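The structure appears right after this line, and notes come after that.
Each reported figure results from applying straightforward, stated rules to the coordinates on display, with no laboratory input. These figures come from a predicted structure and were not determined experimentally. Here Cβ is always computed from backbone atoms with ideal geometry, including for glycine, and neighbour counts include all displayed protein chains.
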């Protein structure tokens, strides 16, 4: 599998990353082991995890003992934690470093290759967050630093602040797909200007871009699972349906799967270093790995651009002012 440099850094990652969100919950140890083996044998290196999914981190740590850690790039996140009432945000120095140390213990590792703040918080000064990222890198517990789910202005503020006094940020992790192009308004331009690479999560539009929801919700899909249905539902409307139809038409013409078209489109976008995919089975993951060699013809690329184009107006596309 081809690798790419993340932003303006020297960090190289595989074009496709492996997501572990469901590990330890929907994905058991045997299936996770098969997925990890499939991914690494295909030349994958980037594995995405987070302190908010401790069971997944613990399982990943156990499985990695059977593989050469030198060829694995672990991208971890901290700042969110699961509570009985849902996710809670804590990006204080105390909270972030405690989560980092706990993650490293679960992973059986002495450092994260890329460590990011999982979410923005208005309750903690940005300077404290950036100083904590700097401390993690300078102490050897992380090699590179980044952010996740930041808006455009938040991304720019964090990147500029980090450049001014500490370890530069190299990446941002955001949702990005043919069904979620909002990051193109400000986040991607900020990344291109300030040297951050984009790690795109949910690159298949929460599974919808595979085409499996075109005629209903399959019983064995995540859209039918109680803890995932609300996550998938926003992309099941008519607007998304038009995009999915275009993807399926392109896939039929090229003789490939719809997911290959959706991923190939995303991997051609500016600033994207890797698309982080999640799979229910190793067989499904093998199909996803095939996208690494697909390049879309220009006319298909343009058609997909047009059918999925996000609404952009003032001030991003200003034609004058007063």
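Relative protection proxy for 304-310, 47-53, 178-184, from highest mean packing down: 47-53, 178-184, 304-310 (other beta-carbon atoms within 10 angstrom).
Oblate is the label for region 1-121. Its Cα gyration tensor axes, ordered a ≥ b ≥ c, give a/c of at least 1.5 and b/c at or above a/b. In the P(r) worked out for the chain, what percent of Cα pairs fall beyond 23 Å? Percentage above 23 Å: 57. Per-residue ellipticity at 222 nm computed for the chain from its helices equals -11500 deg cm²/dmol, with DSSP H segments shorter than 4 residues left out and the rest contributing -39,500 (n - 2.57).
Distance between the C-alpha centers of region 194-233 and region 1-77? Whole Å please. About 19 Å separates the Cα centre of region 194-233 from the one of region 1-77. Structural descriptor for region 1-146: relative contact order 19 percent, calculated from alpha carbon pairs under 8 angstrom and at least 6 residues apart. Projecting label points 7 angstrom from Cα along Cα→Cβ for residue 175 and residue 1 puts them 2.3 nm apart.
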